[in-house]
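Accompanying notes for the structure given below.
The values are calculated or read from the model by the stated rules, or taken from the named source; none is laboratory data. Every value quoted in this text rests on a predicted model; they were computed, and no experiment measured them. Positions of Cβ are generated from backbone atoms using ideal geometry, with glycine treated the same way; all protein chains shown enter the neighbour counts.
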Amino acid sequence: MVDFVLLEDNHNHMDKTEDIVVTYMMKNNYEFTIQKFYEASKDFYKLVEETDKNHIYILDFEVGNTTAIEVARKIRLRDWISPIIIFTVNGGMALETFKQRLQILDFVSKQFEAEKNLNELFDICFDQLNLRKSFKYKIGRNDYSIDFDKILYVYKDTYERKSVIVTEKSEYKVPLSLVKIKEMLPNYFVFTHKACIVNSKRVDAYVWNEGKVIFDDGKEALFLSKTHRKELENR
């Protein structure tokens, strides 16, 4: 279970942040809660004392007469583990001194690619909290779970009309389309071919002249289309 704690005094921004969190978490199949605060109240700091939980803090830079820096200082009196993200209208507020002293994960602008930047930070948060994430699916009455980090790539088996998940040691046939599987995977899983999705964290090299992807364990996948070259090289 991960507990997202949102501190924001603007209702519209609060709703948008909540939507981003929900959209991200629905792809990760991980239990979560969202706790919303419109001021740094006693209830907020009471929650901070619950250090046995996996918190991810998203703090507005200014809430009433309080700044996120002040709130972060108080959080760090109790909790040096939970990631803190500061959400600000002014992207220029990203002061490296505060990031280092208070172990603030990052300052994120509300006005420039907020969803993309938050999603990337959420991936870092899960790694930082050592939360194991997995692809979960059901066949008949049986439930299956595959750690995301162990998945190398997923390809479409046109003969059996199933998708095949390839891991370090095994292959799993899943009765889901690639599009549906992509929706269930984190953002670092990308299409390299219309019939293949790869775990970009596990890619060692894209060999364009041979149309293949080489993974960090030495395995190869012959699913690399030049139509995806610009997208992959810009990641």
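Scanning the stretch 17-48 for residues that are polar (S, T, N, Q) and outside any strand (DSSP E or B), we see that the one that is modelled with the lowest pLDDT is Asn29.
Among the residues of the stretch 205-229, the ones that are closer than 17 Å to Ile165 by Cα, in contact (Cβ under 8 Å) with a residue 24 or more places away in the chain and either not assigned by TED's automatic domain parsing to the domain that holds Glu171 or not small (Gly, Ala, Ser) (or both) come to 6 in all. May I ask you to verify whether Leu77 is modelled with pLDDT of 90 or more, exposed (fewer than 13 other Cβ atoms within 10 Å of the Cβ) and not basic (Lys, Arg)? Against the criterion (modelled with pLDDT of 90 or more, exposed (fewer than 13 other Cβ atoms within 10 Å of the Cβ) and not basic (Lys, Arg)), Leu77 qualifies. Taken over the stretch 1-16, the criterion of being of a type outside the set (Phe, Trp, Tyr) and not in a helix (DSSP H, G or I) is satisfied by Met1, Val2, Asp3, Val5, Leu6, Leu7, Glu8, Asp9, Asn10.
Glu168 passes every criterion in (1) touching a Lys or Arg at 6+ places or on another chain (Cβ under 7 Å); (2) without any contact (Cβ under 8 Å) to a residue 40 or more places away in the chain; (3) acidic (Asp, Glu) apart from (2). Of the residues screened, Val21 is not one that is more than 20 Å from the chain's Cα centre (by Cα) and surrounded by 12 or more Cβ atoms within 10 Å (Cβ to Cβ).
Is it the case that the stretch 70-87 has a residue that's of a type in the set (Asp, Glu), more than 24 Å from Ala221 (Cβ to Cβ) and in contact (Cβ under 8 Å) with a residue 40 or more places away in the chain?
The answer is no; no qualifying residue exists.
Of the set (1) touching a helix residue (DSSP H, G or I) at 6+ places or on another chain (Cβ under 9 Å); (2) modelled with pLDDT under 90, all apply to Ile86 but (2). Name the residues in the stretch 154-172 that are within 15 Å of Met184 (Cβ to Cβ) and either among the small types (Gly, Ala, Ser) or buried (at least 18 other Cβ atoms within 10 Å of the Cβ) (or both), would you? If the condition is that a residue be within 15 Å of Met184 (Cβ to Cβ) and either among the small types (Gly, Ala, Ser) or buried (at least 18 other Cβ atoms within 10 Å of the Cβ) (or both), then Val154, Ser163, Ile165 are the ones that fit. Among the residues of the stretch 168-190, the one identified as within 15 Å of Lys156 (Cα to Cα) and touching a helix residue (DSSP H, G or I) at 6+ places or on another chain (Cβ under 6 Å) is Val190. The stretch 74-191 holds helices (runs of 4 or more DSSP H) entirely within its bounds, and those carrying 1 or more residues that are over 20 Å from the mean Cα position of the chain (by Cα) and hydroxyl-bearing (Ser, Thr, Tyr) map to 96-101. Could we say that Asp217 is in a strand (DSSP E or B) and acidic (Asp, Glu) here? No; evaluated as a whole, the condition is false for this residue.
Test Thr51 against the criterion of being out of contact with any Cys (no Cβ under 7 Å at 6 or more places or on another chain), closer than 30 Å to Asp147 by Cα, in a helix (DSSP H, G or I) and not assigned by TED's automatic domain parsing to the domain that holds Ile181, and give yes or no.
Answer is no for this residue.
Does Val63 satisfy being under 19 Å from Ser109 (Cα atoms) and either without any contact (Cβ under 8 Å) to a residue 60 or more places away in the chain or aliphatic (A, V, I, L, M) (or both)?
yes
Of the listed requirements (1) hydroxyl-bearing (Ser, Thr, Tyr); (2) farther than 30 Å from Phe148 by Cα; (3) surrounded by 13 or more Cβ atoms within 10 Å (Cβ to Cβ), Tyr30 misses just one: (2).
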